[in-house]
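The structure under discussion appears below in the form of structure tokens.
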Amino acid sequence: MLNPDGAERFQRRTAQAIDMNRDALSFETPEARLLKEVRDRYQPQFGFNLHDQDPRYTVGNTNKVSTIALLAPAFDDARSDNHIRIAAKQVAAVFASAMQEFIPGHVSKYDDSFEPRAFGDNIQRWGTSTVLVESGGWPNDREKMFIRKLNYAGLLASLFSIAAGSHTQAPLAVYDRLPFGTKYLYDVVLRGTRLKAAETVTPVKVDVGINIDESVNASTGAVELVGTIVDIGDLSIYGAFRDIPMNGTLLRSEEVRMDQKLSMAELELLIPKE
């Protein structure tokens, strides 16, 4: 846990308001200095960079959720390979192969653009073969308990391959052919509703994309789930954790409009009863 203050506040930035994963050049934060000191002291051959990922990422141009995304980070702008990065790709291939046993088609590759301030890129540059593991989404797994099990299985397979030396035989194509992550997913899609935007306007057939996030109730201090309408229109290329056929149900602008907030009870009222 490199950012306990941020974790306590449920935010990426540290108590000093700095994104420590963009502090691998200037080392202004104590967290960044600590991480660099530990890496230099132990000189690990391999490292695993474990992150949460937005659960709405998808695999390539599909609408399949990206449950695990992997990356052997670049160490320069040219995204060159050397023996350090190749070893990371081999271990990532082992991890990916293990994931295909549990979640076939739900593994992607994270953006491999070089970020000179990021720790993953720099730890790779400093000589530690580094694998980034991003934990995305899975249906009905908001707390990512199933994905924790996947991390365990992937790490166990990877560590075993390192101990046995078998990672050197892992085909690089398994990693290289992973599609990059994209964003073609909403938490909820109301599919095929008719929206009447105003009394003088003819209703049109649309889909409604809704994302659900945690929010703190200002009155009670309780954490609640709140939906936000983030898209209206043709969402045929998008998937959803919850895809709801509306069968032409008529909705009006006072019920559905962009950026509208919905409680879970209000969301359920929009859905036609069988």
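The values are calculated or read from the model by the stated rules, or taken from the named source; none is laboratory data. From a predicted model like this one, the values you see are computed outputs, not experimental measurements. Glycine also receives a Cβ, built like all others from the backbone with ideal geometry; neighbour counts cover every protein chain displayed.
Scanning the stretch 114-143 for residues that are out of contact with any helix residue (DSSP H, G or I) (no Cβ under 6 Å at 6 or more places or on another chain) and of a type in the set (Lys, Arg), we see that the one that is nearest to Ala92 (Cα to Cα) is Arg125. Somewhere in the stretch 212-220, is a residue in contact with an Asp or Glu (Cβ under 6 Å, 6 or more places away or on another chain) and under 28 Å from Pro245 (Cα atoms)? The answer is yes; a qualifying residue exists. Taking (1) at pLDDT 95 or above; (2) more than 23 Å from Ile18 (Cα to Cα); (3) part of a loop (DSSP other than H, G, I, E, B); (4) out of contact with any Ser or Thr (no Cβ under 8 Å at 6 or more places or on another chain) in turn, Ala93 satisfies each apart from (3). Here Gly47, Gly105, Gly6 are screened, and the one residue that is under 14 Å from Gly120 (Cα atoms) and in contact with a Ser or Thr (Cβ under 9 Å, 6 or more places away or on another chain) is Gly47.
Screening Ile237 with (1) in a strand (DSSP E or B); (2) within 24 Å of Ser66 (Cβ to Cβ) gives one miss only, at (1).
Scanning the stretch 63-81 turns up no residue that is surrounded by fewer than 21 Cβ atoms within 10 Å (Cβ to Cβ) and under 18 Å from Ala157 (Cα atoms). Identify, by number, the condition in (1) buried (at least 19 other Cβ atoms within 10 Å of the Cβ); (2) in the same structural domain as Thr168 (by TED's automatic domain parsing); (3) closer than 17 Å to Leu132 by Cβ; (4) not polar (S, T, N, Q) that Met20 doesn't meet. Condition not satisfied by Met20: (2). Of all residues in the stretch 1-56 being of a type in the set (Asp, Glu) and under 21 Å from the mean Cα position of the chain (by Cα), which is farthest from Arg85 (Cα to Cα)? Among them, the one singled out is Glu8.
Taking Ser166 as the residue in question, decide whether it is surrounded by 12 or more Cβ atoms within 10 Å (Cβ to Cβ), among the polar types (S, T, N, Q), within 30 Å of Phe27 (Cα to Cα) and in the same structural domain as Thr62 (by TED's automatic domain parsing). When the stated conditions are applied, Ser166 does not pass them. Say whether the condition of being assigned to a loop (DSSP other than H, G, I, E, B) and either closer than 30 Å to Leu235 by Cα or modelled with pLDDT under 95 (or both) is met by at least one residue in the stretch 25-36. The answer is no; no qualifying residue exists.
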